[in-house]
Amino acid sequence: MAIDFSLYLVTGRELLPPGKEYLESLEEALQGGVTVVQIREKKSDTLEFLEIAQSSKILCAKYKVPLIINDRIDIALAVQADGVHLGQTDMPVHVAKSLLPAGTVIGVSCNDTDHVKKAIEDEVDYIGIGAVWGTTTKKLTSPVIGARGVGSLLQALDGTNIKAIAIGGINSTNILRTLHGSVSSSGHRLDGIAVVSDIMASPAPRSAAQRLKDTLDAWVHHFDVQSRVPQVYDVETIKNGVVKLMQVIRDRSPLIHQITNVVVTNQSANATLALGASPIMATAPEEMRDLSRIPGGLLINFGTITNKGSMILAGQYANEAQKPVVFDPVGVGATQFRKTTASELLNAWQASVIKGNAGEMASLAKSNEVQAKGVDSVGSGFADPVSFIREIAKRERCVAVMTGPTDWISDGAVVVQLENGHKMLGDITGSGCVVGTCVATFCAGASLLATAPGTSPGPELAKLVRGDMLIGAVGGVLALTVAAECAAERSDVHGSGTFLPALIDELYNLKPETLLSRAKVQVW
Ligand SMILES: Cc1ncc(COP(=O)(O)OP(=O)(O)O)c(N)n1
Ligand SMILES: Cc1nc(C(=O)O)sc1CCOP(=O)(O)O
Ligand SMILES: [Mg+2]
């Protein structure tokens, strides 16, 4: 039997909120888009398990959704379930197969590659990979594996038809990260996610399921259509796209929420205003949820790393709201603490853009080709920056921006090379951080453009991060580097002290025609 595993509900009656009946909750979840249901009854005796399985089967049949039984072959036989789910210490697969009718779907839990190898030998139909994230629903016996851990188990399935579902702590704030982050380096991806508490503990299971399903459907569309048929970019498309975003930002003034470092807070806020957007430099965890609901973009510049909790929350809420998240891992190569924090953040949410200098990007890619010194990189750069930036974008499943005398930007397919800027940018503090601000502002513009009244965004735009993040990233870098050229040429600029205010002025007065005529863009 072919099962759609995309949104796999595993029941947990003990988690129902007060006043919610089990069958009412199950029916609402089915209406919200659950595609397969597993009955998991860890505390019931046999009769109660049987009755719950029977009543669930009737409801699932009404919505044409298959039913799977956790652990118990006898219950599966009694209710003629579509399948069983077995853990590593449950009945061995070959014994279960000898008892169950041919065609019964068999799934097993896998936590490491040996489990996956055995599942392949046993010719199971699917594996449940977990736990991805921490969960309070079940006492875990192995450490959580994170999205990247899922990817290495997925790779072990290459060349088989076995389906893969991730489980453990998945909810609407981390689903995007779970899906993107788990794609293996061979391109193997999940067939679905399994969820207990995000649906069962919800007072509104229909909308909880619907939220997850919407993201899943958009993900499948994005993966199947967008990634296979990448958008075609040429220099003119890019330049015109950037100019359009300049106008959108000035017309609609998106809110740019920035968690950044104390050194650059003031100039970042001023640069945002100069571009026509609205800055808010909020760091309190209590306001992260509210801010995510306002259209715009989020910049996380981890500079002095003082607000890690808020950075995690802000990114997760922005993912949930499908808003752009721009990550600037300032000085990430400088200390072990920075490296650990960067990977913690990148595991917690899905970045739309990662921006750094050569040293920072090398550190994220674990490459020794370019070294970092403090927040600066040393050396002459990468021998093959085109391949490097494309690979890091592919690996992180986002747009990657590497700044320097030449700026390199990629979405994993196309690579854009920019040759604008002025050496005086290196004479003021935090010019790299302000590039991050400009990128976040242009990405917010791209997000607003994709959802403007009168446009009809396809499902991939409506549900994943909205808008063209590549054009957003190029726009942010170009705006600042072209403004820097204009500022440096002014007769009232005598050194770094006069350069900074002139730079803000030039951003404020930047005209589309100036940008179009000065932009030095090459596409690879
Ligand atoms: C889809 C899915 N994946 C994993 C599990 C866990 O099964 P198991 O390891 O047998 O643990 P229990 O659920 O029995 O506690 C699952 N149930 N479903
Ligand atoms: C039943 C189960 N199995 C897991 C595994 O890792 O095998 S984690 C888990 C519980 C998942 O619940 P929630 O979605 O509420 O976190
Ligand atoms: Mg079990």
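The values are calculated or read from the model by the stated rules, or taken from the named source; none is laboratory data. This is a predicted model, so every value here is computed, not measured. In this analysis, Cβ positions are derived from the backbone assuming ideal geometry, glycine residues included, and neighbour counts consider all displayed protein chains.
Within the stretch 125-146, residues that are more than 7 Å from Gly168 (Cβ to Cβ) have Cβ atoms under 8 Å from residues that are within 11 Å of ligand 1 (Cβ to nearest atom) and basic (Lys, Arg) in these pairs: Asp125/Lys163; Tyr126/Lys163; Ile127/Lys163, counting only partners at least 6 apart in sequence or on another chain.
If I ask for residues that are surrounded by fewer than 23 Cβ atoms within 10 Å (Cβ to Cβ) and modelled with pLDDT of 95 or more, which ones from the stretch 434-493 would you list? Glu485, Cys486, Ala488, Glu489, Arg490, Ser491, Asp492, Val493 - these are the residues of the stretch 434-493 that are surrounded by fewer than 23 Cβ atoms within 10 Å (Cβ to Cβ) and modelled with pLDDT of 95 or more. Residue check: is Lys57 without any contact (Cβ under 8 Å) to a residue 12 or more places away in the chain, closer than 23 Å to Ala209 by Cβ and more than 13 Å from ligand 1 (Cβ to nearest atom)? No; evaluated as a whole, the condition is false for this residue. The set of residues in the stretch 286-320 being surrounded by fewer than 24 Cβ atoms within 10 Å (Cβ to Cβ), touching a Pro at 6+ places or on another chain (Cβ under 9 Å) and either outside any helix (DSSP H, G or I) or of a type outside the set (A, V, I, L, M, F, W, C) (or both) consists of Ile294, Pro295, Phe302, Asn307, Gly309, Ser310.
Going by the conditions given, is Lys57 away from ligand 2 (no atom under 13 Å from the Cβ), charged (D, E, K, R) and not in a helix (DSSP H, G or I)? So Lys57 fails the test.
Of all residues being within 35 Å of the chain's Cα centre (by Cα) and crowded, with 17+ Cβ neighbours inside 10 Å in the stretch 60-79, which is nearest to ligand 2 (Cβ to nearest atom)? Just the residue, please. This residue is Asn70. Identify the residue in the stretch 175-190 that is assigned to a loop (DSSP other than H, G, I, E, B) and of a type in the set (Ser, Thr, Tyr) and, among all such residues, is nearest to ligand 1 (Cβ to nearest atom). Residue satisfying both the conditions and the ranking: Ser182.
Given the conditions (1) of a type in the set (D, E, K, R); (2) assigned to a helix (DSSP H, G or I); (3) modelled with pLDDT under 95, report the number of the one that Arg228 does not fulfil. If we test Arg228 against (1) of a type in the set (D, E, K, R); (2) assigned to a helix (DSSP H, G or I); (3) modelled with pLDDT under 95, just (2) comes out false.
For the stretch 21-43, the candidate set comprises residues that are crowded, with 17+ Cβ neighbours inside 10 Å and part of a loop (DSSP other than H, G, I, E, B); within that set, the residue that is farthest from ligand 3 (Cβ to nearest atom) is Gly33. Of everything in the stretch 186-204 that is among the β-branched types (Val, Ile, Thr) and out of contact with any Gly (no Cβ under 8 Å at 6 or more places or on another chain), the residue that is nearest to ligand 3 (Cβ to nearest atom) is Val195.
Note on the stretch 60-73: among residues that are part of a helix (DSSP H, G or I) and of a type outside the set (D, E, K, R), the one that is nearest to ligand 3 (Cβ to nearest atom) is Ile73. Applying a threshold of 8 Å to beta carbon distances and a minimum spacing of six or more residues, or different chains, the list of pairs starting in the stretch 1-20 at a residue that is without any contact (Cβ under 8 Å) to a residue 40 or more places away in the chain and ending at one that is away from ligand 2 (no atom under 13 Å from the Cβ) reads Glu14/Lys43.
Of the listed requirements (1) within 16 Å of ligand 1 (Cβ to nearest atom); (2) surrounded by fewer than 21 Cβ atoms within 10 Å (Cβ to Cβ), Lys97 misses just one: (1). Of the residues making up the stretch 151-170, those that are modelled with pLDDT of 95 or more and closer than 19 Å to Leu7 by Cα are Leu154, Asn161, Ile162, Lys163, Ala164, Ile165, Ala166, Ile167, Gly168, Gly169, Ile170.
For first residues located in the stretch 191-219 and not assigned by TED's automatic domain parsing to the domain that holds Val132, partners that are surrounded by fewer than 21 Cβ atoms within 10 Å (Cβ to Cβ) and lie 6+ apart or on another chain with Cβ distances below 9 Å do not occur.
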